[in-house]
Amino acid sequence: MSSRPHLTPTLEAKLKTLPTSPGCYLMRNDRGRVIYVGKAVNLRARVRSYFQDQKQHTAKTRRLVADIADLEWVVTDTELEALILENELIKRYRPQYNVRLKDDKQYPYIKVHWQDDFPKISVVRRMLPDGARYYGPFTSGHTVRQTLEALRRVFPYLDCNREITGRDERPCLYYHIKRCAGPCIGAIDRESYREIIDGFCHFLEGKTEEVIEELNRRMLLAAERMQFERAAMYRDQIRAAQRIVERQKVVSGRQEDEDVIAFAQDKGNACVQVFFIRRGRLIGRDSFMLEGVGEEENGELLASFLKQFYAEAAYLPPQVLLPRALEEQEIIERWLRSKRGARVTLRIPKRGAKKELVELATENARSALLAMQAEWEADAHRHTEAVANLQAALDLPKPPTRIECFDISTLQGTNTVGSMVVFVRGAPRKSDYRRFKVASVQKSGEPDDYASMREVLRRRYRRAVEEQATDPGRRVDPVWKILPDLLIVDGGKGQLNVAVEVLQELGLLEVVPVVGLAKREELLFVPGKADPIRLPADSPEMYLVQRVRDEAHRFAITYQRNLRRHSMMRSRLEDIPGVGMKRRQALLKHFQSIDAIRNATVDEIAAVPGMTRAVAERIKEYL
């Protein structure tokens, strides 16, 4: 059977007419939307490679090829021109299969209006060839505001739209709180004010030592001239500058300018961390989220980020440290050199302090990605999308707003437990989680996951259909009365058959949709269907199902370990004369662990309810 994709006559004809020149190619779906943009030294060879033997392709590339309905290309004179055009096309079309910066918006920059006599400072979203100085990009306006708030204590700058004549009657509030030098009222002349802003620029560029030395020189000069108020102002500015510098970590004995770039990726998302090192100091760092990421495409991820980030960056250092080599390394270096006007080296450190820097950036990227994923859990839009897609994939009668998932955990046939976790609108509802000690299976002495699952499901869903106990004063847990829109059991066909059996027994099979999730291949087994359903690997619905399953597994394992730990603790306490069941329970409730009891004083043990000093001394001696 051929592994080559089926081609439409139009597409096949276009593949035959592809030139061998360098250029860019655009792939479109059946709705005419651009879904991928790429560049090539040889357009014919590169584009045709997509339609060759698919066994060599990643899962993401196979999905891309399946979606291609049409293609077009643009010929360029050089590969460098193709790289520049590729960047522009990705920015314009934001194709779904390209790795791209996550936000549509422009990132903010600090703009110093150097072309004006009295340069003000502002925050903008776009760099223009207007003679101004730009610093950035930053990933958020909040980061920019924090930076400016700190620097304004050192460099009191303008940020208003006044026309500066020096003849205004009164200044604004910022002058009175020493956050503006007051050129509007003539409190400072043009040259002196521009010196302040020049120092501001140097500080952002990492030239902190020179700036502090200059402020110190001015302070001493003012003191010599007995301008004590001005000397005090410089002293305060020096202290504010030193506080900022103290937060900047010295990472190199050499006063080098370099960026350190590393990344982390998981489940279709990726985070890139950039360390900005100027004059050997880590003056800042930022995280950038990417989308359109495949699990196998680390090299493409890094290359795509470099091209998109440095296309917009206000400053390019002479060296960029990376965690791995790139296929396009030479052409990217040439492109960066053309932007900087001087040599730029992409370096992959193998040892020493620079390798440690890359590893630190990787750890920061991993941490930022975890934080992003936690935020994703609260993202209602993603949840809604995942739930809607899951409904369509499983052909459910309504969106699975409430999902219940069950898992069994055991160790050598002892302390077998079951867990029930609940997700509502794609987010965990931990107040509805429930856990079960499996009794009937443990009595037999042999672990049986099917029998354990049968017991847990019966105990849970019997409570949904049975009437309240005859005792009217008994409190009924309302969670048991709520039926899920989807029941997931952790396991394949065997566990699914058990669930179907229990639901049928209780008359709920037509009410509660149920699926089994196989561990290895992440397949969903549905009652009455021979072939399992495979959700798209990097889709929101797959991540939702995996998160639900993983949470059920975590909850079961945690409960099982706690039971085992308490069982071991009880067995040790049972050997102590005078410590019966009630005293054991009281000790475990109070101290939580054998180590805590061992480290406690006799007085602390004796203070536990039901304990005597004599028994406390015996426990202390025994442990």
Region 140-157, subset assigned to a helix (DSSP H, G or I) and of a type in the set (A, V, I, L, M), residue surrounded by the fewest Cβ atoms within 10 Å (Cβ to Cβ): A150
Checked region 312-323 for anything over 11 Å from D259 (Cα atoms) and either in a loop (DSSP other than H, G, I, E, B) or more than 23 Å from the chain's Cα centre (by Cα) (or both); matches are A313, A314, P323
Region 529-547, subset exposed (fewer than 15 other Cβ atoms within 10 Å of the Cβ) and free of Cβ contacts under 8 Å to residues at least 40 places away in the same chain, residue nearest to the chain's Cα centre (by Cα): R534
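Take K120 and tell me if it is touching a strand residue (DSSP E or B) at 6+ places or on another chain (Cβ under 7 Å), more than 30 Å from I68 (Cα to Cα) and among the basic types (K, R). Lay out the reasoning, then the answer.
Working: touching a strand residue (DSSP E or B) at 6+ places or on another chain (Cβ under 7 Å): yes; more than 30 Å from I68 (Cα to Cα): yes; among the basic types (K, R): yes.
When the stated conditions are applied, K120 passes them.
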Which count do you get for residues in region 158-190 that are closer than 18 Å to M233 by Cα and part of a helix (DSSP H, G or I)? 5
Within the group A132, A187, which residue is among the hydrophobic types (A, V, I, L, M, F, W, C), farther than 29 Å from E256 by Cβ and without any contact (Cβ under 8 Å) to a residue 60 or more places away in the chain? A187
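Table: residues versus (1) surrounded by fewer than 20 Cβ atoms within 10 Å (Cβ to Cβ); (2) outside any helix (DSSP H, G or I).
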site: G299; (1), (2): yes, no
site: F309; (1), (2): yes, no
site: A325; (1), (2): yes, yes
site: E330; (1), (2): yes, no
site: E333; (1), (2): yes, no
site: L336; (1), (2): no, no
site: K355; (1), (2): yes, no
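Among the residues of region 263-296, count how many are over 30 Å from E210 (Cα atoms) and either in contact with a Leu (Cβ under 7 Å, 6 or more places away or on another chain) or assigned to a strand (DSSP E or B) (or both). Working first, answer last.
The first filter runs over region 263-296 and keeps only residues over 30 Å from E210 (Cα atoms), leaving 263-272, 288-296.
After this cut, where a residue has to be either in contact with a Leu (Cβ under 7 Å, 6 or more places away or on another chain) or assigned to a strand (DSSP E or B) (or both) as well, the list is 263-266, 269-272, 288-291, 293.
The number of residues fulfilling the criteria is 13.
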Expected output for region 599-623 (first residue in the same structural domain as K589 (by TED's automatic domain parsing), partner assigned to a helix (DSSP H, G or I) and of a type in the set (D, E), Cβ below 8 Å, 6+ apart or cross-chain) is V602/E617; A616/D603
In this structure, is V65 closer than 23 Å to A13 by Cβ and either out of contact with any strand residue (DSSP E or B) (no Cβ under 6 Å at 6 or more places or on another chain) or among the β-branched types (V, I, T) (or both)? yes
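Please go through region 531-562 and pick out each residue that is assigned to a helix (DSSP H, G or I), of a type in the set (S, T, Y) and assigned by TED's automatic domain parsing to the domain that holds R434.
So the first thing to find is which residues in region 531-562 are assigned to a helix (DSSP H, G or I), and the list is 540-562.
The next check asks that each one be of a type in the set (S, T, Y); those that pass are 543, 558-559.
The answer is Y543, and nothing else.
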Those residues that are touching a strand residue (DSSP E or B) at 6+ places or on another chain (Cβ under 7 Å) and closer than 30 Å to P317 by Cβ, I need them from region 166-199; list them, please. I197
For region 107-117, check the following and say yes or no: at least one residue is farther than 27 Å from E300 by Cβ, among the polar types (S, T, N, Q) and in a loop (DSSP other than H, G, I, E, B). yes
Which numbered condition L11 fails, given (1) surrounded by 15 or more Cβ atoms within 10 Å (Cβ to Cβ); (2) farther than 25 Å from R92 by Cα; (3) aliphatic (A, V, I, L, M): (2)
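For every residue, the table says whether it meets (1) out of contact with any Leu (no Cβ under 9 Å at 6 or more places or on another chain); (2) within 30 Å of N42 (Cα to Cα); (3) surrounded by 17 or more Cβ atoms within 10 Å (Cβ to Cβ); (4) not assigned by TED's automatic domain parsing to the domain that holds N42.
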residue: D70; (1), (2), (3), (4): no, yes, no, no
residue: N87; (1), (2), (3), (4): yes, yes, yes, no
residue: Y107; (1), (2), (3), (4): no, no, yes, yes
residue: D117; (1), (2), (3), (4): yes, no, no, yes
residue: V123; (1), (2), (3), (4): no, no, no, yes
residue: R126; (1), (2), (3), (4): yes, no, no, yes
residue: P129; (1), (2), (3), (4): yes, no, no, yes
Does L506 satisfy the condition of being closer than 24 Å to G418 by Cβ, in contact with a Leu (Cβ under 8 Å, 6 or more places away or on another chain) and modelled with pLDDT of 75 or more? no
Spans of helices (runs of 4 or more DSSP H) in region 6-105 with at least 2 residues within 27 Å of L290 (Cα to Cα) and charged (D, E, K, R): 59-67, 79-93
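The values are calculated or read from the model by the stated rules, or taken from the named source; none is laboratory data. Since we're looking at a predicted model, the values are computed, not measured. We place every Cβ from the backbone using ideal geometry, glycine too, and count neighbours over all the protein chains shown.
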